[in-house]
Amino acid sequence: MVWYADGSIEVAANGQVATGTGTVFLKNVRVGDGITIEGSAAQHEVTNIASDTQLAFAPPFAGPAGAGKAYRIVPTQGYVKEAADRLWAITQSLGGFATSQNLQSIAQLEGQAGQVLRFKSPGEIEAILLGTASAKNATSSATDKTPDRAMLTGLGGWMGDIPSGGLSDLDDRTIRGWRYVTETTVGAKPAGLTYGIVNTFGSLDDVVVQELYSVSGAAGATLSRYYRQTYGSGAWGAWVQSMRSDAIEGGSNANGRYVKFPDGTLICSHTPPTVVVSPAVAPGSSTPLYSTAFPAEFVSPPTCISSGSTAANAENTLIATIIPQEYNGTSGWATAFLVVGSVALGRLTRSHLAIGRWK
């Protein structure tokens, strides 16, 4: 081991402090080391190291005072033994963990990007390579669409509850994931829908699809499923109602009741309120043409059947004859009735049925 002797020191007669010039005591000297000083044959022991340029020693310097004196630090074995004792204490505290296999696993981490240590079993570790997700930043909110981020559980309804609060605008294509639709949500909704749950997804703002489930009330059961989409046009397409292949869907509105079957069959029925016929229609004459919209949309003209009756006289039961024999395409019933009997018709109750296809 090379004895440290950089720079020079200044000491006082009978002094016990050495002030250095060009010295680095903190790094190169230890308490307990020996020090020899020019002008004295005695060897002194370092008792304290205050800084890189000052240390204390004992016994006092017996030579003449002066600056620029040469010196030499004589290392001792004391600190080597202390270091060995400390290393032994560390290995004892590690116990069975300090096996050659575990130490090899630690050594494998050197120079390896993306590797960490993990416990395979109690007291046994291994180096493993982290997946790409470990280096991703997490999304900051339910509307964070920053590329290359990992989505936190619950944001957008993924593996968690749908974010609370209703969607403000159903036509907003920039919002992704599941959201609630409420009575305050603006934008184009399917006809008759007030509450629902919508999932908006896509790759770009103008390549977007929405899937919407209507519910009966703020916390009711699912009634219908709809979807719509846009492909770079900058505008949404129309809502299209769909259903599961094993489902039968039914509902009602102001225009009557309807039932949709998985094979595409649609049956609509409606009994409008009784109307007053004025002027009364004499026997053998026909009523005015009455038009009523279907409660659900057909994709092609359905087959329609209508009947009518009057509560004024039981004898004036009407024959359900359509005059003329046509109707308003896919939009609704258009029916006139021929009055049969001996009493003029003053009140009319109609019943309608239409059978066709919804898809």
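The values are calculated or read from the model by the stated rules, or taken from the named source; none is laboratory data. If you're wondering where the values come from, they're calculated on a predicted model, not measured in any experiment. Don't worry about glycine lacking a Cβ; one is built from the backbone with ideal geometry, like all the others, and counts go over all protein chains shown. Ligands, DNA and RNA are excluded from the accessible area calculation, which covers all protein heavy atoms including side chains. Shrake-Rupley method; radii C 1.70, N 1.55, O 1.52, S 1.80 Å.
Brief remarks on what is shown
- Nearest-10 value in Å² for the accessible area of residue 285, using the 1.4 Å probe: 50
- Given a 1.4 Å probe and the protein chains as shown, residue 260 ends up with an accessible area of around 10 Å².
- Integer Hz, Karplus 6.51/-1.76/1.60 couplings in order for segment 300-309, x for Gly and Pro: 8, x, x, 8, 10, 10, 9, 9, x, 8
- Of 227, 258, the residue with the largest accessible area leads and the full order is 227, 258 (1.4 Å probe).
- Charge tally for residue 299 (other residues, Cβ to Cβ under 14 Å; Lys, Arg +1; Asp, Glu -1): +1.
- Among residues other than residue 38 with Cβ under 15 Å from its Cβ, the summed charge is 0 (Lys and Arg +1, Asp and Glu -1).
- Neighbourhood net charge (12 Å Cβ-Cβ; Lys/Arg +1, Asp/Glu -1) for residue 11: -1
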